[in-house]
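For reference, the structure is listed below as structure tokens.
The values are calculated or read from the model by the stated rules, or taken from the named source; none is laboratory data. Predicted model only: the values in this text are computed from it and were never measured. Here Cβ is always computed from backbone atoms with ideal geometry, including for glycine, and neighbour counts include all displayed protein chains. Heavy atoms of the whole protein, side chains included, go into the accessibility calculation; ligands, DNA and RNA do not. Shrake-Rupley method; radii C 1.70, N 1.55, O 1.52, S 1.80 Å.
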Amino acid sequence: MLIVVSSELQIPAMMPVMAHDLGVDTGMIGMLVSIFALGMAIGGPAIAFVLRHRPPKPALLTVVAAYAIPELLVPLVHEYWWVALMRLLTGCLAGAAVGLSIAYATRLARSPDTIGEAVSIVLSGIMVGTVVGLPVSHFIAERWSWQATFHVLGAAAVVVFVVSLLALPSREAATADDAAQDLRNLRLPRLWSRYLVSFLTIGAAYATFSYFTPLLEQSAGFSSSATTLILLAYGMCALVGNLAVGKLADRHAVGVLRAGHAVLAVSLAVIAVASDARPVVLVMVLAVGFAGVTMNPPLVTRVVEVGGSGALVSTVHTSIITLGITVGTAVSAATIGAFGDDPAVAMWTGTGFAVLAAVVLALQRPKRDALRAPGSAQPTLQQTAR
């Protein structure tokens with residue numbers, strides 16, 4: 001997960017130098033981010049579908065090994081179209097890697113009651129990647145070249161493949177019935193209602209995160225170096241919050257989400273109203289770190305309750321979350337453009353997403369009425385406990 005997120009963030013870290021070197025404008029380089037997200041949303045489930053009959057460890061290792069290839073191929077052809085094609089392939093593999101990793105984590109959980117905790121450990125790679133991915137890629141690009149970042153991440157993927165091959169335990173492949181049930185579970189309306197909560201929750205977090213830098217520097221008046229430190233602190237809060245939420249996700253998923261939506265909505269609204277008050281903005285940004293992307297473990301737990309822990313359900317969930325990130329960021333961009341180029345407007349957008357997530361969650365039936373999806377979920381959890 002650390003490699004995936006670092007790869008996702010490497011382009012934003014190198015936009016000016018890549019634009020100059022490839023002879024395109026910054027907007028075209030920004031399109032590479034959208035191309036990567038498109039690959040995650042569409043290609044991830046397609047790859048998971050192809051690998052659905054393979055055991056989880058070989059399936060994941062296949063994707064990790066393949067991940068190194070487009071990363072290492074990017075520097076070979078000095079053309080924008082080639083970089084775009086490789087980013088599309090990398091995005092497809094990234095979507096599959098996240099979904100398969102989460103599905104594998106549910107198989108490795110000690111019991112059905114520790115799925116959220118197991119998932120939070122896997123997702124901690126995302127939090128660490130958020131903290132180090134952008135600054136490390138920026139440093140490498142400035143110190144050597146932007147191509148060097150692709151060499152480094154490609155080599156890192158190879159190292160992860162070797163370590164995972166030696167260290168990860170094996171689990172049996174899903175049976176034909178389980179794989180078929182995993183596919184059928186995608187037709188459940190209640191599963192899609194839980195996907196919607198994930199879409200809105202993570203959309204709220206990223207509708208604002210993308211605009212924290214201009215808000216901190218332009219509205220609150222923090223220096224560039226202070227903003228870097230604040231964003232690092234934000235990442236650390238997300239890492240700690242993710243692990244803490246993971247401990248609570250299995251038994252108190254709905255309560256954790258309700259608290260998270262409330263903290264997220266209130267914090268973002270306060271930032272929007274008091275965007276020029278440095279102490280207030282600082283505290284609220286850190287609060288968003290604790291209550292934003294850290295909601296992933298309970299979101300995964302609630303999806304497993306209804307749709308099971310199959311690779312397809314998990315990978316489609318990843319695609320929905322990726323779509324939430326894309327839509328949240330796009331809506332913030334549109335509202336900022338419509339209301340005077342003020343980054344505080346994005347905070348109101350995030351507040352709206354958080355409120356909608358809380359409303360959709362409130363309309364859903366409680367856990368005790370949830371039907372455990374047959375096939376892909378229950379056998380998987382029983383196998384985990386063996």
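Counting only helices (runs of 4 or more DSSP H) that sit wholly inside the stretch 23-81, those with at least 3 residues that are modelled with pLDDT under 85 are 26-38, 44-50. Residues that are free of Cβ contacts under 8 Å to residues at least 24 places away in the same chain and open to solvent by less than 40 Å² (accessible area, probe 1.4 Å) within the stretch 248-283 comprise just one, Ala274. Restricting attention to the stretch 224-236, the residues that are open to solvent by 20 Å² or more (accessible area, probe 1.4 Å) and within 20 Å of the chain's Cα centre (by Cα) add up to 4.
Could you identify the single residue in Val63, Val33, Val83 that is crowded, with 17+ Cβ neighbours inside 10 Å, hydrophobic (A, V, I, L, M, F, W, C) and touching a Leu at 6+ places or on another chain (Cβ under 6 Å)?
Only one candidate qualifies: Val63.
With respect to the conditions (1) within 22 Å of Val300 (Cα to Cα); (2) open to solvent by less than 10 Å² (accessible area, probe 1.4 Å), Ala220 lacks only one, and its number is (1).
For (1) within 30 Å of Ala180 (Cβ to Cβ); (2) modelled with pLDDT of 85 or more; (3) polar (S, T, N, Q), each residue gets a yes or a no:
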{"residue": "Ala311", "(1), (2), (3)": "yes, no, no"}
{"residue": "Ser314", "(1), (2), (3)": "yes, no, yes"}
{"residue": "Ile320", "(1), (2), (3)": "yes, yes, no"}
{"residue": "Ala333", "(1), (2), (3)": "no, no, no"}
{"residue": "Met347", "(1), (2), (3)": "no, yes, no"}
{"residue": "Val355", "(1), (2), (3)": "no, yes, no"}
{"residue": "Val359", "(1), (2), (3)": "no, yes, no"}
{"residue": "Leu363", "(1), (2), (3)": "no, yes, no"}
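For the structure I just gave you, tell me whether Gly235 is touching a helix residue (DSSP H, G or I) at 6+ places or on another chain (Cβ under 9 Å) and outside any helix (DSSP H, G or I). Against the criterion (touching a helix residue (DSSP H, G or I) at 6+ places or on another chain (Cβ under 9 Å) and outside any helix (DSSP H, G or I)), Gly235 does not qualify. Checking each residue in the stretch 164-204 for being polar (S, T, N, Q), part of a helix (DSSP H, G or I) and surrounded by fewer than 17 Cβ atoms within 10 Å (Cβ to Cβ) picks out Ser164, Ser193.
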